[in-house]
Amino acid sequence: MNKGRLIVFSAPSGCGKGTMLEQIMKDEHYSFSVSATTRAPREGEVDGVNYYYLSKEEFQRRVDNGEFLEHAVYCDNCYGTLHSEVDSKLEKGINVVLEIEVQGALQLREKRPDALFIFVAPPSIAELRRRLHKRGTESDEIIEQRVSQAAREIAEAPKYDYIIVNDALEDAVDDFFAVMRGESLKSQSQREFIEEVIKNA
Ligand code: 5GP
């Protein structure tokens with residue numbers, strides 16, 4: 001059985017990546033890695049589903065224990081991907097999506113050259129600000145902090161393998177599956193098939 005693909009998916013806060021991922025996760029070949037964070041849950045978020053919500057002390061204990069594949073600080077909170085969320089699923093042939101910010105993604109560029117890096121961008125900064133206000137989960141001050149952060153993150157987008165603009169949700173989801181299909185057709189992904197054909201010639 002082929003191993004699953006590690007997919008690193010970054011998008012500034014408010015780019016609609018949550019909704020995109022919800023659509024992608026309807027496909028059984030994909031699984032979402034639940035991250036750990038020290039930020040407080042937003043209304044409606046559930047521990048163990050959206051994130052594992054940890055105290056700063058518990059997060060640091062796990063860092064010291066080597067439990068994280070990567071971790072980073074974002075807007076004063078810690079976020080990290082646990083090894084336990086990733087390795088066993090990849091072995092089972094499931095594609096694992098890490099939804100992480102840019103610093104963590106760029107750490108993985110070095111550590112996991114096998115991973116696929118996808119950046120989701122908003123159509124514009126003005127539209128991003130509008131979406132964050134509409135979501136209504138953050139104060140104006142936090143929104144402006146997140147907008148500045150987003151501009152810094154978008155500047156790093158060319159370091160990713162693909163950039164998907166999330167203007168219309170369905171198109172963005174289609175683009176994601178188009179990328180995955182293209183990747184599966186790459187000659188490198190088809191080595192086993194070619195070996196099989198040659199063996200049975
Ligand atoms: P939010 O607080 O809006 O849920 O997430 C803030 C940022 O943290 C987002 O850009 C999100 O992608 C990122 N993030 C979530 N989980 C992780 C993680 O495990 N590692 C890293 N490096 N970033 C994460």
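Odds and ends about this structure:
- Residue that is outside the structural domain of residue 142 (by TED's automatic domain parsing), more than 9 Å from the ligand (Cβ to nearest atom), farther than 16 Å from residue 100 by Cβ and basic (Lys, Arg), where the choices are 42, 61: 61
- Looking only at the range 66-108, and only at residues there that are in a strand (DSSP E or B) and in contact (Cβ under 8 Å) with a residue 60 or more places away in the chain, the one that is farthest from the ligand (Cβ to nearest atom): 95
- The single condition among (1) within 21 Å of residue 28 (Cβ to Cβ); (2) open to solvent by 40 Å² or more (accessible area, probe 1.4 Å) that residue 98 does not meet is (2).
- Residue within the range 170-180 that is of a type in the set (D, E, K, R) and not in a helix (DSSP H, G or I) present: no
- Enumeration of residues in the range 160-188 that are within 17 Å of residue 93 (Cβ to Cβ) and in contact (Cβ under 8 Å) with a residue 24 or more places away in the chain: 180, 183
- Residue in the range 52-61 that is open to solvent by less than 60 Å² (accessible area, probe 1.4 Å) and either β-branched (Val, Ile, Thr) or under 15 Å from residue 135 (Cβ atoms) (or both) present: no
- Selection status of residue 26, basic (Lys, Arg), farther than 28 Å from residue 152 by Cβ and in contact with a Leu (Cβ under 6 Å, 6 or more places away or on another chain): no
The values are calculated or read from the model by the stated rules, or taken from the named source; none is laboratory data. Quick caveat, the model's predicted, so the values are computed rather than measured. Glycine gets a Cβ as well: all are built from the backbone with ideal geometry, and neighbour counts include every protein chain shown. The protein model used for the area step is the full one, side chains on, heavy atoms only, and it has no ligands, DNA or RNA in it. Shrake-Rupley method; radii C 1.70, N 1.55, O 1.52, S 1.80 Å.
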